[in-house]
Amino acid sequence: MNPADADAVAALHVASWRGAYRGVFTDDYLDHQAEAERREAWHARLNAATGADWGVVAQDDTGRVLGFAWVMPDHDPTWGDYIDNLHVAPDLKGGGIGRRLMQAVAQRLLSSGSQRPLYLWVLDVNTAALGFYERLGAEVRDLQLSDPLAGQQHPVWRCVWRDPQRLAAHD
């Protein structure tokens with residue numbers, strides 16, 4: 001992922017949120033604020049990337065961004081490498097893109113020598129994502145309140161892969 005991907009990544013991020021969080025985030029936020037906020041956030045993130053954090057983008061032959069993941073290696077001394085974002089185009093969910101992105105993340109971390117666990121946070125209301133991560137072998141634990149997200153805190157679950165090698169090889 002590089003700065004040239006920022007607009008497409010931001011657009012997919014917003015589309016994903018609109019599909020998953022309508023009724024959780026306010027309509028005003030999703031319809032009028034999220035697009036500019038996510039575009040600004042992704043431009044800032046990708047233009048300031050230091051090399052430690054990185055992302056993976058799935059694209060089709062036309063260059064359409066189908067999904068992406070953003071990773072913060074060695075983010076937490078207890079929980080390890082952190083997946084800060086994983087999003088797939090809403091019309092393509094269930095087609096294997098998310099699984100392949102998760103495998104690519106685990107494989108890249110392992111090839112860099114990481115032996116740390118891998119984790120991410122999922123909103124409690126996103127039962128589809130929780131089920132997806134459990135099918136990929138995540139241990140779901142530690143219900144907490146999120147940092148402010150779309151102007152509010154939300155209950156979130158930590159999903160942990162204590163052995164990322166199993167995730168990398170997951171069918």
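The values are calculated or read from the model by the stated rules, or taken from the named source; none is laboratory data. Keep in mind that this is a model prediction, so the values were computed, not measured. Heads up, the Cβs are rebuilt from the backbone with ideal geometry, glycines too, and the neighbour counts pull from every protein chain shown.
Details
- Region 106-152, subset among the β-branched types (Val, Ile, Thr) and in contact with a helix residue (DSSP H, G or I) (Cβ under 8 Å, 6 or more places away or on another chain), residue nearest to ARG18 (Cα to Cα): VAL125
- Qualifying residue in region 29-52 (condition: over 15 Å from the mean Cα position of the chain (by Cα) and part of a strand (DSSP E or B)): no
- The single condition from (1) hydrophobic (A, V, I, L, M, F, W, C); (2) in a helix (DSSP H, G or I); (3) touching a residue at least 24 places away in the same chain (Cβ under 8 Å) that PHE68 fails is (2).
- Considered as a group, the residues in region 134-148 that are out of contact with any strand residue (DSSP E or B) (no Cβ under 7 Å at 6 or more places or on another chain) and under 17 Å from TYR82 (Cα atoms) include one that is surrounded by the fewest Cβ atoms within 10 Å (Cβ to Cβ), and that residue is ASP147.
- Candidates LEU110, LEU86, filtered to the one that is more than 21 Å from ALA15 (Cβ to Cβ) and surrounded by 13 or more Cβ atoms within 10 Å (Cβ to Cβ): LEU110
- Meets criteria (surrounded by fewer than 19 Cβ atoms within 10 Å (Cβ to Cβ), farther than 25 Å from LEU118 by Cα and more than 13 Å from the chain's Cα centre (by Cα)) for ALA8: yes
- Listed by position, the strands (runs of 3 or more DSSP E) enclosed by region 71-168 that each have at least 3 residues that are at pLDDT 90 or above, within 21 Å of MET1 (Cβ to Cβ) and not β-branched (Val, Ile, Thr) are 80-88, 118-123.
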